[in-house]
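K.L.:
The structure follows.
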Amino acid sequence: MIFMLAGTSDARELAIKIGEAGRKVIATVVTESAAKSLTEAGIQTNIGRLTAEQMAQFIQEYKLQAIVDASHPFAEEASKNALLAASQIGIPYIRYERASQSYTNPLVTLVQDYEEAAALAAKKRGVILLTTGSKTLGVFTKHLLGLENTRLIARMLPRLDNMEKCQTLGLEQKDIIAMQGPFSKELNMALIHQFEVTLMITKESGKVGSVDEKLEAALACGIETIMIARPKVQYENIHSSFEDVIKDLSSKLGN
């Protein structure tokens, strides 16, 4: 049985492909909605964040043969925990990650992390559309809320804990877009026009992360984008196609 770190739409599809190749998968995800998507596909699923030690215990309990890490490109803590757990137990670790893309345009500025993005946005000001989710919202509210000639609009999943976090951080209801994607280019453009956005902040998540649709919308509207580069994690056995992951599993575990 394979232990998979999931939570994205392409991770679900990869789990299905691994199952079709004759290997059972047990997945771990953070949210109930992600778990529902996997269980509907017949994939056994665990809900909750796991430390490296908890992953190691989980692997031993279920006698798992390998880890396939298909977590989000920005979930670096989960990936580091999986790498450590695989090393401790002595099983193969295989990383699946959406292919990275190059964005070259004078309206696009690439930065290395959330703090740099927030600091740059504070210099630019205006109406800022934040599409990086709720996890690091505090970084942006710290820099941008209360700043003269600045309005922060945050788009995130419509979850109760997200709304509570917004309230705690002082983000007003009128500045929250609580929606679940995927978002088309046209919908992104409509939101930009509706809120009169002058600057967008996003992450380099790859095509499946709808970065193209966000960026295309921003460029079509003539507004600037601050793009946060992917975290630099030293992965082992990294692949960007389902076929290569399955071949690597066969190579390491046999047919």
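The values are calculated or read from the model by the stated rules, or taken from the named source; none is laboratory data. Keep in mind the model is a prediction, meaning the values are calculated, not measured. Ideal geometry is used to build each Cβ from the backbone, glycine not excepted, and the neighbour counts take in all protein chains shown.
K.L.:
Quick one: Arg155 ticks every box in (1) over 16 Å from the mean Cα position of the chain (by Cα); (2) modelled with pLDDT of 95 or more bar one, so which box is it?
P.N.:
For Arg155, the exception is condition (1).
K.L.:
Also: Run Gly42 past the list (1) assigned to a helix (DSSP H, G or I); (2) at positive phi and report the number of the one that doesn't hold.
P.N.:
(1)
K.L.:
Further question: Given the condition farther than 30 Å from Ser251 by Cα and in contact with a Gly (Cβ under 7 Å, 6 or more places away or on another chain), answer yes or no: does some residue in region 121-142 qualify?
P.N.:
Taking region 121-142 as the starting set, the residues that turn out to be farther than 30 Å from Ser251 by Cα are 121-142.
Okay, now just the ones that are also in contact with a Gly (Cβ under 7 Å, 6 or more places away or on another chain), so 141.
Scanning region 121-142 turns up at least one residue that is farther than 30 Å from Ser251 by Cα and in contact with a Gly (Cβ under 7 Å, 6 or more places away or on another chain).
K.L.:
Can you find a residue that is among the basic types (Lys, Arg) and closer than 30 Å to Gln54 by Cα anywhere in region 151-174? Steps first, answer last, please.
P.N.:
Initial filter on region 151-174 (among the basic types (Lys, Arg)): 151, 155, 159, 165, 174.
Still in the list and also closer than 30 Å to Gln54 by Cα: 159, 165.
Scanning region 151-174 turns up at least one residue that is among the basic types (Lys, Arg) and closer than 30 Å to Gln54 by Cα.
K.L.:
Restricting region 1-36 to residues that are surrounded by 18 or more Cβ atoms within 10 Å (Cβ to Cβ) and among the polar types (S, T, N, Q), which is modelled with the highest pLDDT?
P.N.:
Thr28
K.L.:
Before we move on, is Ala121 of a type in the set (A, V, I, L, M), crowded, with 18+ Cβ neighbours inside 10 Å, more than 17 Å from the chain's Cα centre (by Cα) and modelled with pLDDT of 95 or more? Even if it seems obvious, please write down each step before you answer.
P.N.:
On the way: of a type in the set (A, V, I, L, M): yes; crowded, with 18+ Cβ neighbours inside 10 Å: yes; more than 17 Å from the chain's Cα centre (by Cα): yes; modelled with pLDDT of 95 or more: yes.
Considered against the rule, which asks whether it is of a type in the set (A, V, I, L, M), crowded, with 18+ Cβ neighbours inside 10 Å, more than 17 Å from the chain's Cα centre (by Cα) and modelled with pLDDT of 95 or more, Ala121 comes out as yes.
K.L.:
Output the residue which, of all residues in region 14-37 that are small (Gly, Ala, Ser) and farther than 11 Å from Leu249 by Cβ, is nearest to the chain's Cα centre (by Cα).
P.N.:
Ala34
K.L.:
Can you confirm whether Ala99 is closer than 22 Å to Ile246 by Cα and out of contact with any His (no Cβ under 8 Å at 6 or more places or on another chain)? Walk me through how you get there before you give the answer.
P.N.:
Details: closer than 22 Å to Ile246 by Cα: yes; out of contact with any His (no Cβ under 8 Å at 6 or more places or on another chain): yes.
When the stated conditions are applied, Ala99 passes them.
K.L.:
Assuming Ala66 fulfils every condition listed in (1) in contact with a Lys or Arg (Cβ under 7 Å, 6 or more places away or on another chain); (2) without any contact (Cβ under 8 Å) to a residue 24 or more places away in the chain apart from one, which condition is it?
P.N.:
Result: Ala66 fails condition (2) only.
K.L.:
Quick one: in region 62-79, which of the residues that are surrounded by fewer than 16 Cβ atoms within 10 Å (Cβ to Cβ) and assigned to a helix (DSSP H, G or I) is farthest from the chain's Cα centre (by Cα)? First the steps, then the outcome.
P.N.:
In the first step, residues of region 62-79 are kept if they are surrounded by fewer than 16 Cβ atoms within 10 Å (Cβ to Cβ); the result is 62-63, 76-77.
Add one more test, that the residue is assigned to a helix (DSSP H, G or I), and what stays is 62, 76-77.
Numbers: Tyr62: 27, Glu76: 10, Glu77: 12 Å.
Top of the filtered list is Tyr62.
K.L.:
Of the residues that make up region 160-175, is at least one touching a helix residue (DSSP H, G or I) at 6+ places or on another chain (Cβ under 8 Å), small (Gly, Ala, Ser) and closer than 30 Å to Asp10 by Cα?
P.N.:
no
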